[in-house]
Amino acid sequence: MTKPVPVSSRAANIEYAIRDVVVPAVQLEAEGHEIIKLNIGDPIAYPGLPTPPHMVDAYVDALKSGKNGYSPSYGLPQLRQAIADDERRKGWEAKAEDVYVCHGVTEALQLIFAAVLEEGSKVLAPGPHYPPYMAYPQMFGAETIEYQLHQNDGWKPDFDDIASKMDNDVRLLVLINPNNPCGTVCGAEDVDKLLAIAREYPNCIVVADEIYDGLDFTGRHVSVASRSSDVPVIALNGVSKVYYAPGWRIGYMALHDPSSRLELVRDGIERLLRSRLCASTPAQMGYLAGLTGDRAWMSAYANRVMKQRDHCLKRIAAIDGLEVEQPGGAFYMFIRLADEHWAADDKAFVLRLLHEEHVLLVHGSGFSPELGKGHIRLVYLADIEVLDEAFDRIERFLQKYRRTPVIS
C-alpha cells in the first residue's frame, strides 16, 4: 500500500474547537436531523441581526462601479483615515498611517506573530481564550503561556498570575476585551494594571483585541491604547461583530507607539502586508460606509442582544447542573457544568448533547485544555424561542444522565 504524503507537524497539531464540533453536526444534518446551532459567533447565522443596509449598498455599489481591483496593501486610504478617526474617538491620537487593514483580525494576528515572534519567544494570553492565540504562535517557534482568569469573579484577569509569568521572552501580552469566550469587560483600573506589568519589559507589546468593544453592557470598557502613555499597544478590531458582517473578512490593526519603539516591527508588518497583496476592496468600501454613516441602528441591535443575554441568565439559574457568571459584553456565555461526571469531560457532554438532543455548543476545553475544562460556550444570538427550546433539551439531557449512569 502506498504511504500517504506526510503532513507538517504544525498543521497536524492545529485545533479550532468552534468549527471542529461542526463536523459531526454536518453528518447528523445529512441524516435528516435539524440542529440548534449555538456554537459559532456569527451574528448573520441568526435571524434579526442583518448587516445594516447602507453598508450592503456600499459593498454592492463598489461591485457595480467596477471597484474590484487591488487596493493598496495597507488598506484604502479613506478607510484607514476613517478607522483612525474612530480610534481617536476612543481616546488616543491614532493617525491613518498607524492603521493596517487585513483579512479580519485573524490575519492581523498572523502578521503580528510573524513580525514579532521567533524561536523561544512567548505570547502571554488569557485562559480561556480565542483559539488562534494558542494555535498560531507555534508556527513561528514560539509558545503561548496562559494566564488565569478568576472564574468566580466575572472571569477578570489574575494580575498576580500575569506578573509571575512575565519574563524577557514574553514579546506579546494579550488582553481580549470584551473577552471571548467569557464575556468579561475590563475597565480603566484593570487596563492600567496590565500596562503597569508590561511597562517593566521593554520588548513586550500589548495586543488589545477589542473586536467586541461596541457590545459592552457595563459601560466600563476603555481602549487600551487610550490608557498608555509609554507602552506600545496594537489594537485589533474590524467589521465582523459590532458591524454584523463577519463574512466580509475585514479587520485591522492600529499601532500605538508612544515611545517610538515599534519602528522595526512596523517595517516587518508592512513587508508582510505587501507580500500578500491586499484585503477585499469592495468589502473595505462597505466597512467605510459603516464607520462614516449613521450609527443609530447600533443601540437597537445591542438592546436585542442584551435582552437575550438576560433571558439566558434566567433560564440557566433555573437548571440544576449549570452555573454561569454574568457576561459583561460580547455575545457568549461560558457556562460551568456542575455535575461531576460532565465537569471531568466537557467535550463528551457537547458530543452527547449533539447526538441525543441535536443542540450544538462548544466544549470549554477547546478554549483552554486546563483553564477552560468543565465548561461549555453558548452563543446567545438566536431568537428567544430557539434559546428556550435549546435550554429545554439541555435540561432534559442533564436530568436523563442524573438518573442513568454515564457509560463512556
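The values are calculated or read from the model by the stated rules, or taken from the named source; none is laboratory data. Keep in mind that this is a model prediction, so the values were computed, not measured. Here the Cβ is made from the backbone with ideal geometry for all residues, glycine too, and neighbour counts use every protein chain on show.
Some values worked out for this structure:
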read-out: Total residues in region 274-312, condition touching a strand residue (DSSP E or B) at 6+ places or on another chain (Cβ under 7 Å) and in the same structural domain as ARG393 (by TED's automatic domain parsing); value: 1
read-out: Residue ID - surrounded by the fewest Cβ atoms within 10 Å (Cβ to Cβ), chosen from residues in region 79-105 that are in contact with a helix residue (DSSP H, G or I) (Cβ under 6 Å, 6 or more places away or on another chain), of a type outside the set (Asp, Glu) and part of a helix (DSSP H, G or I); value: ALA96
read-out: Region 225-252 - residue that is touching a His at 6+ places or on another chain (Cβ under 8 Å) and of a type outside the set (D, E, K, R) and, of those, nearest to PRO50 (Cα to Cα); value: ILE250
read-out: Hits in region 59-77 - residues which are in a loop (DSSP other than H, G, I, E, B) and either of a type in the set (Gly, Ala, Ser) or without any contact (Cβ under 8 Å) to a residue 12 or more places away in the chain (or both); value: SER65, GLY66, GLY69, SER71, SER73, GLY75
read-out: Search result, residues across region 39-58 that are touching a helix residue (DSSP H, G or I) at 6+ places or on another chain (Cβ under 8 Å) and part of a helix (DSSP H, G or I); value: PRO43, ILE44, HIS54, MET55, VAL56, ASP57, ALA58
read-out: Selection from region 351-391 of residues that are charged (D, E, K, R), in contact with a helix residue (DSSP H, G or I) (Cβ under 9 Å, 6 or more places away or on another chain) and either surrounded by fewer than 16 Cβ atoms within 10 Å (Cβ to Cβ) or part of a helix (DSSP H, G or I) (or both); value: ARG352, GLU356, GLU357, ASP383, ASP388
read-out: Boolean, ASP346 is in contact with a helix residue (DSSP H, G or I) (Cβ under 9 Å, 6 or more places away or on another chain) and surrounded by fewer than 16 Cβ atoms within 10 Å (Cβ to Cβ); value: no
read-out: Extreme residue, surrounded by the fewest Cβ atoms within 10 Å (Cβ to Cβ), among residues of region 150-173 that are within 11 Å of ALA125 (Cβ to Cβ) and touching a residue at least 40 places away in the same chain (Cβ under 8 Å); value: LYS165
